[in-house]
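What follows draws every value from the coordinates through simple rules; no lab data is involved. Note that this is a predicted model, so its numbers are computed, not measured. Heads up, the Cβs are rebuilt from the backbone with ideal geometry, glycines too, and the neighbour counts pull from every protein chain shown.
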């Protein structure tokens, strides 16, 4: 009996994961408002009723997708902070590179939560939870390593509005921007990363002096 229960649990988890994966793809392609539950069911190869059994409605599906990614992001940031021991220029660049590559892999999710956050009537705060889950811990670690943090609020504002948001905007709009201006997407990526990294790290270079 116990073996059957475990099998049923594994099946349910696999089905839910399949639904969430399909939903994330469709949300990224059509936007949350444009996505339909029957499209999600079709792509996930499940019965529409099964989606409502597990997730109640489309909003719950989105919440579960975001929750999953927030957990992953927290784990990544915790791992990155463990590797930072001196906050030297090399450490900062390593932190930047790994964070940027992670965000690049999450560009579909970034597109979804950025659009949701920009809606006039939205009270969704997922973008803050996803993008900067460990900033207070990073500031605390900087202080522990002897890096005097005189103005934590400035660091938070800079990290979010001049650091993370430009990257999020790029991942959200880059493909359409490249198509419109007839620019190679590969070349656009290369140029953006080069400029963005210089601008983003220059602030922390000054902070360390």
Could you check which residue among 55, 161, 95 shows the biggest mean-square fluctuation in a GNM of the chain with a 10 Å Cα cutoff? 161
With the chain treated as a Gaussian network of Cα nodes joined by springs under 10 Å, which of 24, 72, 186 yields the largest mean-square fluctuation? 186
1/(1 + (r/R0)^6) with r = Cβ-Cβ of residue 180 and residue 91, R0 = 41 Å, i.e. FRET efficiency to nearest 0.05, evaluates to 0.60
Most exposed first by the Cβ proxy, i.e. fewest other Cβ within 10 Å, how do 127, 193 rank? 193, 127
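What ranking, highest mean first, results for peptides 56-68, 103-115, 194-206 when packing means the other Cβ atoms within 10 Å averaged over each residue?
103-115, 56-68, 194-206
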Distance between region 141-206 and region 46-72 - C-alpha centres, whole angstrom: 31
Per-pair calculated FRET efficiency, R0 = 30 Å: residue 7 and residue 60 via Cβ, rounded to 0.05: 0.75
Would you work out the relative contact order for the chain, in percent, from Cα pairs under 8 angstrom that are 6 or more residues apart? 19
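Full extension from residue 108 to residue 25: what is 0.36 nm times the residue separation minus their Cα-Cα distance, to one decimal in nm? Spell out each step's value before the answer.
Working: separation 83, 0.36 × 83 = 29.88 nm, distance 0.74 nm.
Full extension from residue 108 to residue 25 adds 29.1 nm.
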Once R0 is set to 25 Å, what does the formula 1/(1 + (r/R0)^6) return for the Cβ-Cβ distance between residue 125 and residue 161, expressed as a FRET efficiency to the nearest 0.05? 0.95
Across all Cα atoms of the chain, Rg and the largest Cα-Cα distance (Dmax), in Å, are 19.9, 65
